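Presented below is the structure to which this report refers.
The values are calculated or read from the model by the stated rules, or taken from the named source; none is laboratory data. Just so it is clear, the model here is predicted, and its values are computed rather than measured. In case anyone asks, the SASA skips ligands and DNA or RNA and just uses the protein heavy atoms, side chains included. Shrake-Rupley method; radii C 1.70, N 1.55, O 1.52, S 1.80 Å.
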Amino acid sequence: MTAAPEPSVARFAELTGDELRSRLREALTLYVTAMNYPKGTAEQRAPMWLAHMLRIGWRCVAAFDTDDRMAGIAYGYQGAPGQWWHEQVKRGVTERHGIEVAESWMSDYFELTELHVRPDTQGQGIGGELVRRLVAGTPNAHVLLSTPEGPSRAWNLYRKLSFTDVLRNYQFAGDPRPFGVLGRPLPLTDQN
């Protein structure tokens with residue numbers, strides 16, 4: 001049996017908006033690499049990431065390797081009516097499961113908006129630790145996220161953290177891929 005590789009993360013840190021802005025190019029490069037998106041995606045996403053920093057309850061946690069390069073990043077904020085993702089998901093859940101189910105999930109939640117781990121550091125528990133640190137102490141009843149459908153390390157991580165299906169095979173406006181929306185009650189416990 002082969003031993004798991006030693007984690008290459010030297011530290012985790014909660015980042016302020018100013019700290020993330022100063023490393024935004026690095027963070028977006030990590031995002032594009034982890035998601036295997038085409039070049040140019042980072043420039044398109046930068047304004048959205050900057051706008052998200054202004055939302056109520058915005059938090060960001062990053063992992064850094066021994067060379068102080070970003071190995072992973074996660075951020076999110078309090079979900080609320082009027083936000084694009086909130087409106088998309090609420091409509092989808094309402095259409096498939098009814099307004100009561102939609103309200104039970106979407107009335108008090110933290111949106112885990114972005115979670116990315118550099119490919120050369122994946123499989124070392126970094127993603128799980130980023131999630132735990134990001135939602136620790138948030139006052140919301142639930143955490144929700146969306147991720148592309150299909151087997152992936154992300155799906156394995158979310159299942160390991162006891163996320164359950166809220167909405168499956170959902171297509172967001174402007175994206176042809178099917179997504180799963182997953183959620184779980186907060187707080188995360190040490191067992192998750």
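What a 1.4 Å probe finds exposed on the chain is 53% carbon and sulfur by accessible area, rounded to a whole percent. Accessible surface for the chain, divided over its residues, is 52 Å² per residue with a 1.4 Å probe. Each Cα pair under 8 Å and six or more residues apart adds its separation to the average, and for the chain the resulting relative contact order is 20 percent. The Cα atoms of segment 109-192 give a gyration tensor whose axes a ≥ b ≥ c have a/c of 1.5 or more with a/b no greater than b/c, which makes the shape oblate. Only helices enter this figure: runs of n ≥ 4 DSSP H residues, each worth -39500 (n - 2.57), summed and divided by the residues of the chain, yield -10500 deg cm²/dmol at 222 nm to the nearest 500. Seen through its C-alpha gyration tensor, with square-root eigenvalues sorted a ≥ b ≥ c, segment 15-66 comes out oblate because a/c lies at 1.5 or above while a/b is not bigger than b/c. Of interest is the spacing of the C-alpha centroids, which for segment 136-170 and segment 42-103 amounts to 12 Å. This structure gives semi-axes √(5λ) of the Cα gyration tensor in Å, computed directly, and of [x] 26, 19, 17; [y] 24, 23, 15; [z] 32, 17, 15 that value is listed as [x].
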